[in-house]
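**Student:** This is the structure, below, for whatever I ask next.
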Amino acid sequence: MKKRILYIAFLSLILTMPFISCVSNAKFLASEANASKLQKENADKQNLLIECSAQAKKLKDEKASLQDENASVQNDLKALTTESKMTIADQAKRLKNLQSMIQSQHDVMTRLQNSIAEALLNYKADELSVYVKDGNVYVSLEEKLLFKSGSDVVNPQGKEALKSLVKVLNSTKDITVMIEGHTDNIPIKTKQFADNWDLSTARATSIVRIMTNDYGFDPIHITASGRGKFHPVKTNETAEGRAGNRRTEVILSPDLKELYKLLY
C-alpha cells in the first residue's frame, strides 16, 4: 500500500512538471519583452534629452548673439545721437551764417540799385529803366539810347550812360555782370549780321568792350550774350512794343561763391 502511494505521488510530480515549465517560460518571455520595452523607452528618453540639450544650447547662443547685437545697436544709437546733436548745432550755425550772408547780399543789391538810379537820373524813362527782379538788378537800355537801327556801334550818348554805370560798378565789390542783347521779331539779314540773334550778340559784345576797354571794368566779372527775338517784354504787334523789345539789359547779380560754400 505504501509503495502504491509513493508511486502515485511520483507519477503526479512527473505529470505536473511540464505545466510548471510552461509557466516559467511564459514569465521569462514576458519579462524579456518588458525589459526590451524599458530599454526602448530609455533610449527614446536619452534621445529626447540630447535634443533638449542641443535646443537649450542653441537658445543660449541666440541669447548671447542678441545681447551682442543689442549692445552694438545701443552703441550705434549713442553715437548717432551725439552726431545728430552736433549736426543740429552745425546746421543752426550754418543757417545763421546763411541768413546773415543773404541779408548782406540783399543790402548790397539795394544800395547798388539806388546808386545806379541816382547816377542815371538824367536819362528819360523811354531811354532806360532800373529795377530789381529775382534778386538781380536790371538796367534796361533802349535801342535809341545806344544804337542806330541795324547797327552794333554804340553812339556817344550811349557811351556816356555806360560810363556813368561803370563808375558805380567799379565801386561795388562781389557782383557779376551779364550783358544781354534783345531785338524785335522783324527779320534782319545783312552782310554783317545773318539774323537778329547775330545782331543781339554783336551789340552785347560791343557794350562789353566799351565797359572793359574804355572804362576799366574787370573783364573777369562780365559776360556777353545775345537772345535775339526770343525774350520779348512787350508785344511785337505794335511799333511801340517792338521798340521796347529792342533793348540791351545789364543784369547785375551778387557773387554767390561764399553762399555756395555754406550750402555745400
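The values are calculated or read from the model by the stated rules, or taken from the named source; none is laboratory data. Quick caveat: nothing in here was measured; it's all calculated off a predicted structure. So basically every Cβ, Gly included, is an ideal-geometry build from the backbone, and we count neighbours across all protein chains shown.
**Student:** Does Lys229 satisfy the condition of being surrounded by 13 or more Cβ atoms within 10 Å (Cβ to Cβ), free of Cβ contacts under 8 Å to residues at least 12 places away in the same chain and more than 16 Å from Ala161 (Cβ to Cβ)?
**Tutor:** Numbers: surrounded by 13 or more Cβ atoms within 10 Å (Cβ to Cβ): yes; free of Cβ contacts under 8 Å to residues at least 12 places away in the same chain: no; more than 16 Å from Ala161 (Cβ to Cβ): yes.
Against the criterion (surrounded by 13 or more Cβ atoms within 10 Å (Cβ to Cβ), free of Cβ contacts under 8 Å to residues at least 12 places away in the same chain and more than 16 Å from Ala161 (Cβ to Cβ)), Lys229 does not qualify.
**Student:** Right, something else. Of (1) over 16 Å from Leu112 (Cβ atoms); (2) of a type in the set (S, T, N, Q); (3) touching a strand residue (DSSP E or B) at 6+ places or on another chain (Cβ under 7 Å), Thr176 satisfies all except one. Which?
**Tutor:** Of the numbered conditions (1) over 16 Å from Leu112 (Cβ atoms); (2) of a type in the set (S, T, N, Q); (3) touching a strand residue (DSSP E or B) at 6+ places or on another chain (Cβ under 7 Å), the odd one out for Thr176 is (1).
**Student:** For region 168-213, enumerate the residues that are among the charged types (D, E, K, R) and at pLDDT 95 or above.
**Tutor:** Glu180, Asp184, Asp195, Asp198, Arg203, Arg209
**Student:** Tally time: how many residues in region 184-200 are aromatic (Phe, Trp, Tyr) and more than 44 Å from the chain's Cα centre (by Cα)? Walk me through it before giving the result.
**Tutor:** If we filter region 184-200 for residues that are aromatic (Phe, Trp, Tyr), which is where we start, we get 193, 197.
Right, trim to more than 44 Å from the chain's Cα centre (by Cα) and you get 193.
Of the residues in region 184-200, 1 are aromatic (Phe, Trp, Tyr) and more than 44 Å from the chain's Cα centre (by Cα).
**Student:** Hey, another quick one. Being surrounded by 12 or more Cβ atoms within 10 Å (Cβ to Cβ), in contact with a Ser or Thr (Cβ under 7 Å, 6 or more places away or on another chain), under 29 Å from Asp214 (Cβ atoms) and free of Cβ contacts under 8 Å to residues at least 60 places away in the same chain, is that true of even one residue in region 89-112?
**Tutor:** There is no residue in region 89-112 that is surrounded by 12 or more Cβ atoms within 10 Å (Cβ to Cβ), in contact with a Ser or Thr (Cβ under 7 Å, 6 or more places away or on another chain), under 29 Å from Asp214 (Cβ atoms) and free of Cβ contacts under 8 Å to residues at least 60 places away in the same chain.
**Student:** Let me ask something else. Scanning for something part of a helix (DSSP H, G or I), out of contact with any strand residue (DSSP E or B) (no Cβ under 7 Å at 6 or more places or on another chain) and farther than 27 Å from Ser115 by Cβ, does region 201-214 turn up at least one residue?
**Tutor:** yes
**Student:** Moving on to the next point. Could you check Glu180 against (1) closer than 26 Å to Met109 by Cβ; (2) in a helix (DSSP H, G or I); (3) of a type in the set (Asp, Glu) and say which number it fails?
**Tutor:** (2)
**Student:** Looking at Lys163, Lys189, which one is outside any helix (DSSP H, G or I) and not small (Gly, Ala, Ser)?
**Tutor:** Numbers: Lys163 fails: outside any helix (DSSP H, G or I).
Exactly one of Lys163, Lys189 is outside any helix (DSSP H, G or I) and not small (Gly, Ala, Ser), namely Lys189.
**Student:** Kindly check whether there is at least one residue in region 245-253 that is out of contact with any helix residue (DSSP H, G or I) (no Cβ under 8 Å at 6 or more places or on another chain), closer than 30 Å to Ala92 by Cβ and at pLDDT below 95.
**Tutor:** Yes.
**Student:** When you check Ser140 against the structure, is it closer than 21 Å to Met109 by Cα, modelled with pLDDT of 95 or more, in contact with a Ser or Thr (Cβ under 6 Å, 6 or more places away or on another chain) and surrounded by 14 or more Cβ atoms within 10 Å (Cβ to Cβ), yes or no?
**Tutor:** yes
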